[in-house]
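Read the figures in this text as sums done on the coordinates, not as results from a lab. Just so we're clear, the structure is a prediction, and the values are computed from it rather than from any experiment. Cβ placement follows ideal geometry from the backbone for every residue including glycine, while neighbour counts extend to all protein chains displayed.
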Amino acid sequence: MNNSKRTSAGLLQAQRNWLNAYQLDLRVTERGSVVSVGDGIAWVSGLPSAAIDDILRFEDGSIGMVFDLSRDRVGAILLQETETLTAGNAVQLTGRPLSIGVGDSLQGRVVDPLGRPLDGLPPASRTRQRRLEGHSPRIVARDFVQRPLYTGNKIIDTLIPIGKGQRQLIIGDEGLGRSSLAIDIVINQRGRDVICIYALIGQKRSTVVNTIRLLRDYEALPYTVVVVAEAGSLPGLQYVSPFSACTLAQYWMERGRDTLVIYDDLSAHANTYRELSLLLRRPPGREAYPGDIFYLHSRLLECSTCLNADHGGGSMTALPIVETKQGEIATYIPTNLISITDGQIYLDKDLFAAGFLPAIDIALSVSRIGGKAQHRRIRDEAGRMKLDYLQFLELEVFTRFGARLEASMEAKIRRGRLLREILKQDRLQPMPEKFQLAWLVAFNDGLFDAIEPDDLAAPLALLCKAVGGSVLSLDSERNDWSEAVRDWLHTGERKAHEP
Amino acid sequence: MELNLTTFILEIINFLILIWLLQRFFYQPVLNVITKRKASIDQAVTEAARAREEAAALQKQCNEHLSRWEHEKRLARERLQQEITAQRTKMLDELYKSLEEERQKNRIIEERRKADEQLKIESLALHNAAAFASMLLKGAAGPELERRLFELLLERLQKLPAATVGNLRANHDEDPVAIAVFSAYPLAGEQRAELQQRLAALLGKNLFYEYRHDPELIAGLRITIGAWVLGVNLQDELQGFTQFAHE
């Protein structure tokens, strides 16, 4: 009996129906036997009516999920393995799909993909079981992506805006700051009523510990659920972990909440899926991935959307992370994910090496929702900025040859250099959206033109401090912002020059 | 007084000369002056009349302009009022729409919250009911109940569908393992013989049996034949009852 029928009929009514049809009778059920165990999978004989994704319970307490069916064997991926699991153990079908406990009590917890606590605290109370891999919302339940999700990053919030319900890929080589960017985005959701779910898939334990520590230190853990499937955990757990994170988010989305899910990272997930498929002898395709590798990620990411008012109005924003090698984005898994998602944030190693942090390549990064999910004031100010910046990058090439340029081009290059310096941002320092508007207004009004790029840190810090105490809002008139920004910067200059 | 004719005539002549002189040197210029003055006065009057006419015409024109402008002003005001009304209506509609959407959202969220609460309460109720049933059955179960379940098992073995019997037989023929019989209470010799006879009728001869004691069954039996499990026991029945509480 699936969740939707049970919900509409009620548990008691469902049981009443069961009781009405109940008769004490001889029960004939199936029983399997483990043939072999190893590498996170088990081959089972028997269980003639086993179906894909059925949950198996082994007599030693291990749990598995049917992943392969053949004439005389059932292949199962292990989700829980005890030391006593061995060939000959009895196996039974549970008759239930894989599910995870969902509920508000999971906020602030660190759990494994089956919902079991990993933070040393008791299991979360008052949860209900929800099936993993449920259906994604129907088209009629969806709404347009219109509300902005502020990441706190200057480049993203102004030039590559993300909306609630959007799927934005973070792509780049290892070590360029993909996870750091994701953590910054989670930290920026403090006080914004967005529930974050961070799925760590196949990560090292040190990375897991660091992530949790950072979230705790920056007070982001109370509104975050961390789903952990370490590199040393069973491949089956790593396989289901993004679906667990998605299921947790779906529960809140259907109750009108805004959620943010981060899948860190889907390259490891794809590798795990390939490993399991090869072990269970599924036919390999391109690069030895199984043929349904695209479907694996597309069905995961299709769950992210914005629901309309008739369905609660919640949203699930997804930030999948994928790793590239040598900056090559045209490989199999990255291209799959680029085609599924609504845009990408590309981290470039040359920018990283040059000290431009975060190393977001504005030319290759895009948000397909764009200004539709941006506040109109920020959209008006940011306007042509991306185009102008890209033009500046092209023009700057000429300066390397020592060519003499026209005054207008020199001015463009100067402003471009200023903008490049403004867009740099330290880690773990997300900026509020009012500050984004403030620096945009200051830049467009030319208030930074007289300042050298290396001296921009002080006025920007001044602006950030002043904005925090200002009564202006994003909806205030442009003139008011212009005057306020001018005053703040001039006051700062005066104070800087005071003895 | 004496009237002198000569003086009289000379006076007359003097008077006539005076008249002539006046007429020649005084009357005509004065007449000219008067004529000129009259002409200028006439001209002034004419000009005044013309100016009056022009003023009247300008006044009329001014009034026409004024009335036209008043008309245009009225029209513009009406247009502005219509635009304001339309804009107000549009903004009110948008506001009502967003309010309605918020209400709808809250209604859905409240319904889901109530459904969740209801589910939690029902799940708790089922848990408690299952726990109670389990405790009661564990306390009330005994050999008598075991015997009745055993008889039920034998009766139902005879009535198994042909397809099920075929599956059991095929599975056993393929992999003739020992048939494991689990019971909550040890089976007597007679019961074992009866069971073996019934199973032999289903599966053929040359069957091997293992008898085990499993108090977890509470009461009843469980028989494993290769990949199949046949059972009439309270543990399985309770699990069927509690499946709702666990999901």
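Observations on the model:
- Distance between the stretch B:173-247 and the stretch A:417-459 - C-alpha centres, whole angstrom: 77
- Principal-axis analysis of the Cα atoms of chain A puts helix A:178-187 at an angle of about 90° to the longest axis.
- For the peptide B:95-104, the mean number of other protein chain Cβ atoms found within 10 angstrom of a residue's Cβ is 2.
- Inter-part distance, the stretch B:112-168 to the stretch A:38-104, computed on C-alpha centroids, equals 24 Å.
- Whole-Å distance, taken between Cα centres, linking the stretch A:157-187 and the stretch B:1-57: 114
- Compared with the dominant Cα axis of chain A, that is its longest principal axis, helix A:478-497 is turned about 70°.
- Sorting the segments B:108-120, A:156-168 by their mean number of nearby beta carbons within 10 angstrom, highest to lowest, gives A:156-168, B:108-120.
- This model, with +1 at the C-beta of Lys and Arg and -1 at the C-beta of Asp and Glu, gives the protein assembly as shown a dipole about its Cα centre of some 1320 debye.
- Kyte-Doolittle at least 1.6, axis length at least 20 Å by Cα - qualifying DSSP helices, chain B: B:5-22
- Shielding by partners for peptide A:310-322, expressed as the average number of C-beta atoms from other protein chains within 10 Å of each residue's C-beta, is 2.
- Label-reachable residues, the stretch B:112-139, where backbone N falls under 18 Å from a point 7 Å from B:Glu155's Cα toward its Cβ: none
- Counting beta carbons within 10 Å around each of B:Glu11, A:Glu230 and listing the fewest first gives the order B:Glu11, A:Glu230.
- By the beta-carbon count within 10 Å of each Cβ, the least crowded to most crowded order of B:Met135, A:Met409, fewest first, is B:Met135, A:Met409.
- Take A:344-356, A:379-391 and order them by the average number of nearby Cβ atoms within 10 Å per residue, most first; the result is A:344-356, A:379-391.
- When the square roots of the Cα gyration tensor eigenvalues are ordered a ≥ b ≥ c, the ratio a/c for chain A is 1.5 or more and a/b exceeds b/c, which makes its shape prolate.
- Shape of the stretch B:25-133, Cα gyration tensor, a/c cut at 1.5: prolate
- The peptide list A:289-299, B:37-47, put in order of mean Cβ contacts within 10 Å with the highest first, becomes A:289-299, B:37-47.
- Most simply put, chain A has about 55% antiparallel DSSP beta bridges, counting only bridges with both residues inside it.
- Förster-model FRET efficiency, 45 Å R0, A:Ser408 and A:Cys464, C-beta, rounded to 0.05: 0.90
- Across chain A, Cα pairs under 8 Å and at least six residues apart give a relative contact order of 15 percent.
- Between helix A:11-20 and chain A: long-axis angle, C-alpha atoms, 0 to 90°, nearest 10: 20
- Shape of chain B, Cα gyration tensor, a/c cut at 1.5: prolate
- Maximal additional length on extending the B:Ile12-B:Lys38 stretch stands at 6.0 nm, based on 0.36 nm per residue less the C-alpha distance.
- Full-stretch length increase - A:Asp53, A:Gln13 - with 0.36 nm per residue and alpha-carbon distance subtracted: 11.7 nm
- The charge dipole of chain B, taken about its Cα centre with unit charges on the Cβ atoms of Lys, Arg (+1), Asp and Glu (-1) only, comes to about 1200 debye.
- Each Lys and Arg contributes +1 and each Asp and Glu -1, all at the Cβ; summed about the Cα centre of the stretch A:240-312, the dipole is approximately 280 debye.
- Calculated FRET value between A:Ser105 and B:Arg79, using beta carbons and R₀ = 60 Å, to 0.05: 0.50
- Extension reserve of the B:Leu5-B:Glu117 stretch, reckoned as 0.36 nm per residue once the Cα distance is removed: 24.7 nm
- Within 10 Å of the Cβ of each residue in B:219-230, the mean number of Cβ atoms contributed by other protein chains is 4.
- Each of A:Ile100, B:Ile223 was scored by other Cβ atoms within 10 Å of its Cβ. Arranged with the fewest first, they read B:Ile223, A:Ile100.
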